[in-house]
Amino acid sequence: MSVDAERTSLAEPYSRSSRPWLTSLAVAGLACATVATAAQGSGQFHWWAVFILIPTALIAASGGPLLARGGGRAFAGYMLACVGAMGFAVGALLMFGVMGRGWPLLVVLPCLAVAGTYGWRAAHPLARGLHRAVALLALTGALLGLTLQLLRVDLIDLETGWWGAFLMLAGAIVLGNAGELTRHRMPYRLQAITLLVGPAVIAFLLGLRFLRGW
C-alpha cells in the first residue's frame, strides 16, 4: 500500500508538469493541420511552406509551458510564443501564396507582441511610464498595420495623408504619458517630461500637417 502511494505521489507532479507541454503540442499540431487543410481546399497549397510552418509552431508551443509556470520564466515563454507565432504567420501566408496581400499582418503581429506586455508593471515610475508609452505606441502600430491590411484587400479606400492620423495618435500617447509622470516625485522628472513632450508635439503637428495636406 505504501509503495503504491509513493508511486502515485511521484507521478502526480510529473503529470502536472507534462500537461502544459502536451496541451501546447496539441494546439500546435491542430494549427498546422488546419492551415494545411485550408490551403489544400483553396487550391493554393504550397507544400514547401511546411518546413516553415512546423518548426515555428513548435517554437511557439515551447513558450506555453514557460508561461504557465509564471515567475521569471514567463517572459522567456512569452518571447518564444511571439517569435513562433510570427514565424507561423509567415509560413501560413507562404502556404496560401498570399504574401503580396497579407504582408501587413507581419506589421500587426510584432506590434501586438509588444503591446501585450502592457500589463507588466515596472517598479520605478519612470520605467513604468516609458514602458506604458512603448506598449501603447505598439498598439497604434498594430492599428496602422490593420488599416494597411484593409487597404490591401480593398475593403476600405482612404485619401492621401490618412496615415497622419496615426502619427497624431502616437504624439498624443507620448504626451499623455508625459503628463502622467507629473504625478510622481522622482529624480530627473523634469528632464524626462521634457524629452517626451518635445517629440510628442512635433509628431502631433507633423501628423496634422500630413492629414490636412498643408
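Got a number for residues in the stretch 30-80 being of a type in the set (S, T, N, Q) and touching a helix residue (DSSP H, G or I) at 6+ places or on another chain (Cβ under 8 Å)?
Within the stretch 30-80, the subset of a type in the set (S, T, N, Q) is 34, 37, 40, 42, 44, 56, 62.
Add one more test, that the residue is touching a helix residue (DSSP H, G or I) at 6+ places or on another chain (Cβ under 8 Å), and what stays is 42, 44, 56, 62.
Count: 4.
Restricting attention to the stretch 130-160, which residues are more than 18 Å from the chain's Cα centre (by Cα) and either in a helix (DSSP H, G or I) or touching a residue at least 40 places away in the same chain (Cβ under 8 Å) (or both)? I'd like the intermediate steps shown before the answer.
Step one: list which residues in the stretch 130-160 are more than 18 Å from the chain's Cα centre (by Cα), which gives 150-160.
Leu150, Leu151, Arg152, Val153, Thr160, listed by residue number.
Let's see how each residue does on (1) outside any helix (DSSP H, G or I); (2) within 27 Å of the chain's Cα centre (by Cα); (3) of a type in the set (A, V, I, L, M); (4) more than 17 Å from Gly141 (Cα to Cα):
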| residue | (1), (2), (3), (4) |
| --- | --- |
| Ala170 | no, yes, yes, no |
| Ala178 | no, yes, yes, yes |
| Arg185 | yes, no, no, yes |
| Leu190 | no, no, yes, yes |
| Thr194 | no, no, no, yes |
| Val197 | no, yes, yes, yes |
| Ala200 | no, yes, yes, no |
| Gly207 | no, yes, no, no |
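Between Val35, Val27, which is surrounded by fewer than 17 Cβ atoms within 10 Å (Cβ to Cβ), within 13 Å of Ala85 (Cβ to Cβ) and at pLDDT 90 or above?
Just one listed residue meets the conditions, Val27.
Residues are listed down the side, and each one gets a yes or a no for (1) in the same structural domain as Ala138 (by TED's automatic domain parsing); (2) within 16 Å of Ala133 (Cα to Cα); (3) surrounded by 14 or more Cβ atoms within 10 Å (Cβ to Cβ):
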{"site": "Gly161", "(1), (2), (3)": "yes, no, yes"}
{"site": "Ala178", "(1), (2), (3)": "yes, yes, yes"}
{"site": "Arg185", "(1), (2), (3)": "yes, no, no"}
{"site": "Ala200", "(1), (2), (3)": "yes, yes, yes"}
{"site": "Arg212", "(1), (2), (3)": "yes, no, no"}
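For Ala192, only one of the following conditions fails: (1) in contact with a helix residue (DSSP H, G or I) (Cβ under 7 Å, 6 or more places away or on another chain); (2) loosely packed, with under 12 Cβ neighbours inside 10 Å. What is its number?
(2)
So, Ala89, is that one in the same structural domain as Ala38 (by TED's automatic domain parsing) and over 19 Å from Leu167 (Cβ atoms) or not? Quick ask: steps written out before the conclusion?
Details: in the same structural domain as Ala38 (by TED's automatic domain parsing): yes; over 19 Å from Leu167 (Cβ atoms): yes.
Taking the combined requirement at face value, the residue satisfies it.
Can you confirm whether Ala81 is in the same structural domain as Ser24 (by TED's automatic domain parsing) and at pLDDT 95 or above?
Details: in the same structural domain as Ser24 (by TED's automatic domain parsing): yes; at pLDDT 95 or above: no.
Judged against the criteria, Ala81 is not a match.
The values are calculated or read from the model by the stated rules, or taken from the named source; none is laboratory data. It should be emphasised that the depicted structure is a prediction, and the values quoted were computed from it without experimental measurement. Cβ coordinates were reconstructed from backbone atoms using ideal geometry, including for glycine residues, and neighbour counts include every protein chain displayed.
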